[in-house]
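Colleague: Structure incoming, see below.
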Amino acid sequence: MSHQMPMPGFAPSRSGPPAAGASGGAIIDTTGAFEGMQFRVDHRDSNSLLSVRLAPEYQIKGKPGSMVAMEGTVTIKGKMKFSFKKMIAGGEMSESIFSGPGEVMLAPDVWGDVVPINLDGSAEWSIGKDAFLACTMGVTRSTKSQGLGKALFSGEGLFVYNVSGQGIVFVQSLGAIVQKHLRPGEEWIVDNGHLVAWTAKYKVERIQAGGFLSGSHTDEGLVCRFVGPGSIYIQTRNPEVLGEWIQEQIPARQ
């Protein structure tokens, strides 16, 4: 990655790998620079706001409707990406392209977190269909089939986004994002509704009294058993559970 001097109000990224935390976790660096872009994430965990300062003619791609505000010097245009796969996956059909110079502010759909994932061209990430917020132009985002079994049980639909290339992709979540790096052979079990992004391989299982049962035919107690090496980004809140809670708060019609 090529780094530049920080622009006013934007701190430079920390050099070297992130500091290790407990259980393979890490401290996620949310300020940095890449090519003609400086970025910073403020108000993390609940009201996150991604601020990106672009050099002249430098561009980034963003999720439609994610812009909060931008300087008058920034230009925006939409690019339609009509795809039958996206229709099945329920993903958006377009993307917004922001061109510098100037600052752009982007935010998630709901109260949640935003973190950057650095791509060096050697690893591909799977990202939940609702987790994409923005990326640099060198990042390629396409749909990827999980197979029918994983589609039914992972909670992410028939397709997820496959992200590759060189640059930075910013992912959004419901609640805070927790990062786990798995050593070879290390296992982590994640509730399917809490997945944001991952590189580790997994299989789907159902929790039952006394242990686990693979090949579930219901949607109750479904989890994903990840096996390292690889990384997992986990959101602390489950959209389905939140939806059920909101529904319970709505007074019944008389």
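Colleague: Counting only residues that are under 20 Å from residue 113 (Cα atoms) and assigned to a helix (DSSP H, G or I), how many does the stretch 236-245 have?
Modeller: Restricting attention to the stretch 236-245, the residues satisfying the condition of being under 20 Å from residue 113 (Cα atoms) are 236-243.
Still in the list and also assigned to a helix (DSSP H, G or I): 239-243.
So the answer is 5.
Colleague: Output the number of the condition that residue 216 fails; it satisfies all remaining conditions of (1) surrounded by 13 or more Cβ atoms within 10 Å (Cβ to Cβ); (2) at positive phi; (3) at pLDDT below 65.
Modeller: (2)
Colleague: What number of residues within the stretch 34-57 satisfy the criterion of being surrounded by 14 or more Cβ atoms within 10 Å (Cβ to Cβ) and assigned to a loop (DSSP other than H, G, I, E, B)?
Modeller: Qualifying residue count, the stretch 34-57: 6.
Colleague: Given (1) modelled with pLDDT under 90; (2) over 18 Å from the mean Cα position of the chain (by Cα); (3) over 23 Å from residue 161 (Cβ atoms); (4) among the aliphatic types (A, V, I, L, M), identify the lone condition not met by residue 69.
Modeller: Among (1) modelled with pLDDT under 90; (2) over 18 Å from the mean Cα position of the chain (by Cα); (3) over 23 Å from residue 161 (Cβ atoms); (4) among the aliphatic types (A, V, I, L, M), residue 69 violates only (1).
Colleague: Check 139, 110 and return the single one that is touching a helix residue (DSSP H, G or I) at 6+ places or on another chain (Cβ under 9 Å) and among the hydrophobic types (A, V, I, L, M, F, W, C).
Modeller: It is 110.
Colleague: Residues that are surrounded by 12 or more Cβ atoms within 10 Å (Cβ to Cβ) and at pLDDT 65 or above: does the stretch 21-28 have at least one? Please lay out each step first, then the result.
Modeller: First pass over the stretch 21-28, keeping only residues surrounded by 12 or more Cβ atoms within 10 Å (Cβ to Cβ): 21, 24-26, 28.
Right, trim to at pLDDT 65 or above and you get 28.
Checking the stretch 21-28: at least one residue is surrounded by 12 or more Cβ atoms within 10 Å (Cβ to Cβ) and at pLDDT 65 or above.
The values are calculated or read from the model by the stated rules, or taken from the named source; none is laboratory data. Fair warning: this is a prediction, and the values are worked out from it, not measured in the lab. Heads up, the Cβs are rebuilt from the backbone with ideal geometry, glycines too, and the neighbour counts pull from every protein chain shown.
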